[in-house]
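Engineer: The structure is given below, and queries will be raised subsequently.
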Amino acid sequence: MSQLATQYLGLKLKNPLIVSSSGLTNSVEKIEKAERAGAGAVVLKSVFEEQINYEAAAYQEVSNTNAESFDYLQGYVAANNLDNYLKLISDSKKNVNIPVIASIHCFSDKRWIDFAKNFEEAGADALELNVYIQPMGRNISGTDIEKKYLNLVKKVTKKVSIPVSVKLSNQFTNLVNITDKLYGVGAKGVVLFNRFYEPDIDINKMKMSSFDVFSNPEDLRFALRWAAIISDEVKEIDIAASTGVHNADSAIKMILAGADAVQLCSVLYKKGVSHIREMLEQMEIWMAKQGYDSIKNFKGNMSYKSIKHPELYQRSQFMKYFSNYE
Ligand SMILES: Cc1cc2nc3c(=O)[nH]c(=O)nc-3n(C[C@H](O)[C@H](O)[C@H](O)COP(=O)(O)O)c2cc1C
């Protein structure tokens with residue numbers, strides 16, 4: 001067994017580097033390529049709840065999306081039907097030995113949930129729910145929105161027997177509390193965090209524009225803080241750190257903070273999937289230098305409660321940090 005071997009969602013991984021849900025995992029060929037590059041697992045590109053639900057009427061019933069995005073969605077749905085997705089799962093499972101995690105982009109607890117079992121039957125080793133409910137509306141409280149997440153996850157975990165993880169937004173008031181509640185309704189893991197489309201305005205063309213879709217290495221620290229805190233506060237749940245992991249050092253930091261696995265996306269678009277191999281080699285070099293012969297020897301060694309000054313993960317340090325600059 002390799003010294004990088006680990007477990008995530010109860011699945012045996014030959015190493016903790018997982019290819020994130022994205023265009024990098026939308027075909028069997030790409031998934032085989034990820035395996036050859038050394039990936040410990042893959043999360044397939046998300047299928048949208050609307051693709052599962054698809055019937056215009058059903059869709060309109062559960063969404064308040066505008067006409068333009070509805071048109072886009074119809075085109076998307078036409079090109080990506082559910083059967084193709086189920087075939088992607090089963091063909092991937094036939095062709096690779098690493099765990100294949102299916103991903104569903106969802107926001108309602110409506111009829112799509114009846115199909116959740118199909119992913120399991122197609123051979124998925126786990127389900128990652130990319131849930132996002134836009135927290136807006138004058139009369140909707142944070143608690144109301146959290147209830148929706150919990151209902152949705154509870155319904156899914158009741159339908160399937162494979163492990164379910166939830167890819168979280170970083171916009172919860174208390175990430176520890178929501179993680180604990182997700183664990184309570186059956187989630188086995190959380191992915192910290194999802195990355196969203198962020199609107200911008202081009203003031204010269206008077207048009208909407210959007211921010212760079214890819215993360216930068218500096219984007220790592222929000223997830224680092226919460227991996228460190230959640231791994232101690234909700235020990236029962238597994239954590240996959242995602243966002244800003246671009247090299248071996250960042251992956252090591254996430255594991256030191258307490259993550260069970262690390263998901264990679266932007267860096268693989270920028271440097272190619274073969275970058276996984278390089279990261280694994282560098283992780284092994286670091287482990288040898290530090291005298292660690294397995295992941296569990298250092299996982300969580302720098303978590304919130306493991307360090308001498310846990311407040312360094314807390315906001316109170318903010319003041320101190322800025323007061324160094326007059
Ligand atoms: C081009 C692109 C496509 C993505 N598609 C999906 C998707 O289908 N489902 C999903 O859950 N996340 C998707 N993501 C988000 C990534 O899985 C990942 O969570 C995010 O990019 C943060 O990780 P990174 O910093 O390594 O890029 C996508 C990201 C990119 C850049």
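The values are calculated or read from the model by the stated rules, or taken from the named source; none is laboratory data. Everything numeric in this text was worked out from a predicted model, so none of it was measured. Because the Cβ atoms are built from the backbone with ideal geometry, glycine has one as well, and the counts that use them run over all protein chains shown.
Engineer: For region 120-146, name all the residues that are modelled with pLDDT of 95 or more and either in contact with a Pro (Cβ under 7 Å, 6 or more places away or on another chain) or basic (Lys, Arg) (or both).
Structural biologist: Asp125, Ala126
This table checks each residue for (1) among the polar types (S, T, N, Q); (2) under 25 Å from Ala39 (Cα atoms); (3) without any contact (Cβ under 8 Å) to a residue 24 or more places away in the chain.
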position	(1), (2), (3)
Thr243	yes, yes, no
Cys265	no, yes, no
Tyr269	no, yes, no
Val273	no, yes, no
Leu280	no, yes, no
Asn297	yes, yes, yes
Ser306	yes, no, no
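Engineer: Could you give every pair whose Cβ atoms fall below 8 Å, whose first residue belongs to region 220-231 and is within 14 Å of Asn301 (Cα to Cα) and among the polar types (S, T, N, Q), and whose second residue is more than 14 Å from the ligand (Cβ to nearest atom) and part of a helix (DSSP H, G or I), counting only separations of at least 6 or pairs across chains?
Structural biologist: Correct list of pairs: Ser231/Ala257.
Engineer: Now, a different point. Kindly provide the set of residues from region 23-33 that are small (Gly, Ala, Ser) and either closer than 22 Å to Glu120 by Cβ or in a strand (DSSP E or B) (or both), ordered by number.
Structural biologist: Residues of region 23-33 that are small (Gly, Ala, Ser), as a first pass: 23, 27.
Once the filter is applied, which keeps residues that are small (Gly, Ala, Ser) and either closer than 22 Å to Glu120 by Cβ or in a strand (DSSP E or B) (or both), region 23-33 yields only Ser27.
Engineer: Does any residue of region 281-298 turn out to be touching a Pro at 6+ places or on another chain (Cβ under 9 Å) and either modelled with pLDDT under 95 or not acidic (Asp, Glu) (or both)?
Structural biologist: Looking through region 281-298, at least one residue is touching a Pro at 6+ places or on another chain (Cβ under 9 Å) and either modelled with pLDDT under 95 or not acidic (Asp, Glu) (or both).
Engineer: With Ser27, Ser46 as the choices, which residue is closer than 27 Å to Asp83 by Cα and touching a strand residue (DSSP E or B) at 6+ places or on another chain (Cβ under 7 Å)?
Structural biologist: The unique qualifying residue is Ser46.
Engineer: Quick one: Ile307 ticks every box in (1) aliphatic (A, V, I, L, M); (2) in a helix (DSSP H, G or I); (3) farther than 22 Å from Gly10 by Cα; (4) more than 16 Å from the ligand (Cβ to nearest atom) except a single one, so which number is it?
Structural biologist: All conditions are met except number (2).
Engineer: Looking at region 218-247 only, could you name the residues that are surrounded by 14 or more Cβ atoms within 10 Å (Cβ to Cβ), in a loop (DSSP other than H, G, I, E, B), out of contact with any Ser or Thr (no Cβ under 8 Å at 6 or more places or on another chain) and not β-branched (Val, Ile, Thr)?
Structural biologist: Selection gives Asn247 alone.
Engineer: If Lys205 meets every condition in (1) surrounded by fewer than 15 Cβ atoms within 10 Å (Cβ to Cβ); (2) within 12 Å of the ligand (Cβ to nearest atom); (3) part of a loop (DSSP other than H, G, I, E, B) apart from one, which number is that one?
Structural biologist: (2)
Residue-by-condition table, conditions (1) within 14 Å of the ligand (Cβ to nearest atom); (2) within 21 Å of Ala251 (Cβ to Cβ); (3) modelled with pLDDT under 95; (4) crowded, with 23+ Cβ neighbours inside 10 Å:
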site	(1), (2), (3), (4)
Gln7	no, yes, no, no
Leu13	no, yes, no, no
Lys33	no, yes, no, no
Val42	yes, yes, no, yes
Val47	yes, no, yes, yes
Lys87	no, no, no, no
Ser92	no, no, no, yes
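Engineer: Could you tell me which of the residues Gly244, Gly258 is over 23 Å from Val153 (Cα atoms) and within 10 Å of the ligand (Cβ to nearest atom)?
Structural biologist: Exactly one residue qualifies, and that residue is Gly244.
Engineer: Given the conditions (1) assigned to a helix (DSSP H, G or I); (2) farther than 27 Å from Asn15 by Cβ; (3) at pLDDT 75 or above; (4) in contact with a helix residue (DSSP H, G or I) (Cβ under 6 Å, 6 or more places away or on another chain), report the number of the one that Ser108 does not fulfil.
Structural biologist: So Ser108 meets the others, but not (1).
Engineer: Further question on the same structure: Working carefully through the options Val156, Val176, find the one that is touching a strand residue (DSSP E or B) at 6+ places or on another chain (Cβ under 7 Å) and either touching a residue at least 24 places away in the same chain (Cβ under 8 Å) or within 23 Å of Asp260 (Cα to Cα) (or both).
Structural biologist: Just one listed residue meets the conditions, Val156.
Engineer: Please pick out the residue among Glu128, Glu236, Glu146 that is within 16 Å of the ligand (Cβ to nearest atom), touching a residue at least 12 places away in the same chain (Cβ under 8 Å) and charged (D, E, K, R).
Structural biologist: Glu128
Engineer: Which of (1) of a type in the set (Gly, Ala, Ser); (2) modelled with pLDDT of 95 or more; (3) in a loop (DSSP other than H, G, I, E, B); (4) within 16 Å of the ligand (Cβ to nearest atom) is the odd one out, the single condition Ser215 does not satisfy?
Structural biologist: (2)
Engineer: Let me ask another. For region 181-197, does any single residue satisfy the condition of being part of a loop (DSSP other than H, G, I, E, B), among the basic types (Lys, Arg), under 18 Å from the mean Cα position of the chain (by Cα) and within 16 Å of the ligand (Cβ to nearest atom)?
Structural biologist: From region 181-197, those part of a loop (DSSP other than H, G, I, E, B) are 185-188, 193-197; that's our starting set.
Filter once more, so that each one left must be among the basic types (Lys, Arg): 188, 195.
Adding the requirement that they be under 18 Å from the mean Cα position of the chain (by Cα) leaves 188, 195.
Then drop every residue that is not within 16 Å of the ligand (Cβ to nearest atom), which leaves 195.
The answer is yes, given that some residue of region 181-197 is part of a loop (DSSP other than H, G, I, E, B), among the basic types (Lys, Arg), under 18 Å from the mean Cα position of the chain (by Cα) and within 16 Å of the ligand (Cβ to nearest atom).
Engineer: Same structure, new question: Quick check: anything in region 131-138 within 16 Å of the chain's Cα centre (by Cα) and either surrounded by fewer than 21 Cβ atoms within 10 Å (Cβ to Cβ) or outside any strand (DSSP E or B) (or both)?
Structural biologist: Yes, that holds for at least one residue.
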